[in-house]
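Student: Okay, handing you the structure first.
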Amino acid sequence: MFREIFATFLRYSDGIFSLKSRKFRLKYVQTTNTNGIMRRKEGIKMEKVMDVANWFLSQSAMTHKKLQKLCYYAQAWHCALHNGKPLFSEPIEAWVHGPVIRDLYACFAGYGWDEIPQKSSETNFSGKVLEVLEAVYHTYGDFNGDQLEYMTHQETPWLLARGDLKPWEPCTEQITVQSMQEYYARRYAESQND
C-alpha cells in the first residue's frame, strides 16, 4: 500500500534550525513489538541498521555521533509516517549524548571524535526506503553531531526514556517505537497546519 505525503520537517522553537521539506512516497512495513523489543515478522523484509548507516556514510564522511543521530531520525520518521512500523529492528537507547544504537556503537566507537570516512554503498533499498533516507539526510545532514544531540535532547522520546535521570547519568532504556511514532506524527500534523 502506498500513499503520497509532503513530509515537512520542523522548525525548532529557538530559531536556530530551519524548516526543510521533501516530497516522498512511503511503503508500509509490518513488524511486531514484544515487550519493547522489535522483532522481524516472518516473510517481511526489514532493513538492517548497518545498511542504513552505510547509506548515510555514502553521502559524506561524518562523526560517529552524527551517524547515530541520522539513523535515529530515519527510524523515528519512518515510524511516524508508517503508523509505528520501524525501518530496522535494532533497538535505540537513550544514552547521555542522545539516542544510540548499540550495534552501530560497537562498529564505529573506534573512531572516537574523528570522522568516519565516506564510503561507497552497495545497499539495495526499495525506492520508498531510499526516499525516507534522502528526506532525513536532506533535512538533518547539514547539522553536526553536537547540534543533532541538542535537538534530540529537546524531544519527548529521548526525555521519556531517560525519565528522572540527570543529563550526565548513564541510561540504557530503550526509546520505544510508540514514543517515536506519537511524537513525530504529532510534529508532522502540526507542521501541516502552519
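The values are calculated or read from the model by the stated rules, or taken from the named source; none is laboratory data. Because the structure is a prediction, the values reported are computed rather than measured. Glycine gets a Cβ as well: all are built from the backbone with ideal geometry, and neighbour counts include every protein chain shown. Surface accessibility is based on the protein's heavy atoms, side chains included, excluding ligands, DNA and RNA. Shrake-Rupley method; radii C 1.70, N 1.55, O 1.52, S 1.80 Å.
Student: Modelled label-to-label distance, Leu165 and Lys48, 7 Å Cα→beta-carbon offset: nm?
Tutor: Taking the two extended label points, one gets 2.8 nm.
Student: Going through the cross-link list Lys48/Lys128; Lys85/Lys128; Lys48/Lys69, which pairs have a Cα-Cα distance over 19 Å in this structure?
Tutor: Listed pairs above 19 Å: none.
Student: Which stretch or stretches of the stretch 88-108 have amide N atoms under 20 Å from the point lying 7 Å from Glu190's Cα along the Cα→Cβ direction?
Tutor: Under cut-off, by backbone N: 99.
Student: Quick check for me: using +1 on Lys/Arg Cβ and -1 on Asp/Glu Cβ, what's the dipole size of the stretch 149-194 about its Cα centre, in debye to the nearest 20?
Tutor: On the way: 4 positive and 8 negative charges, 7 e Å.
Magnitude of the dipole: close to 40 debye.
Student: Let me ask something additional. When the expected Rg is taken as 2.2 N^0.38 Å, what fraction or multiple of it is the alpha-carbon Rg of the stretch 51-188?
Tutor: Computed over Cα atoms of the stretch 51-188, the ratio equals 0.98.
Student: Report the Rg/Rh value for the stretch 110-170, based on alpha-carbon coordinates and the Kirkwood definition of Rh.
Tutor: Taking Rg over the Kirkwood Rh, I get 1.06.
Student: Counting only protein heavy atoms and using a 1.4 Å probe, what share of the accessible area of the stretch 51-192 belongs to carbon plus sulfur, as a whole percent?
Tutor: 48 percent
Student: Determine the gain in length on full extension of the stretch Asn144-Ser60; use 0.36 nm per residue of separation and subtract their C-alpha separation, reporting nm with one decimal. Write out the running numbers ahead of the final one.
Tutor: Values: separation 84, 0.36 × 84 = 30.24 nm, distance 1.19 nm.
Length difference between fully extended and current span is 29.0 nm.
Student: Apply the Karplus parameterisation 6.51 cos²θ - 1.76 cosθ + 1.60, with θ equal to phi minus 60°, to every residue of the stretch 118-130 and state each ³J(HN,Hα) to the nearest whole Hz, in sequence, with x for glycine and proline.
Tutor: Karplus values, whole Hz, x for Gly and Pro: 5, 9, 7, 10, 9, 5, 10, 6, 5, x, 6, 5, 4.
Student: Apply 1/(1 + (r/R0)^6) to the Cβ-Cβ distance of His153 and Lys128, taking R0 = 22 Å, and write down the FRET efficiency to the nearest 0.05.
Tutor: For R0 = 22 Å, the calculated efficiency reads 0.15.
Student: Find out how many positive minus negative residues lie around Pro170, taking Lys and Arg as positive, Asp and Glu as negative, among other residues whose Cβ is under 12 Å from that of Pro170.
Tutor: Result for the neighbourhood of Pro170: -1.
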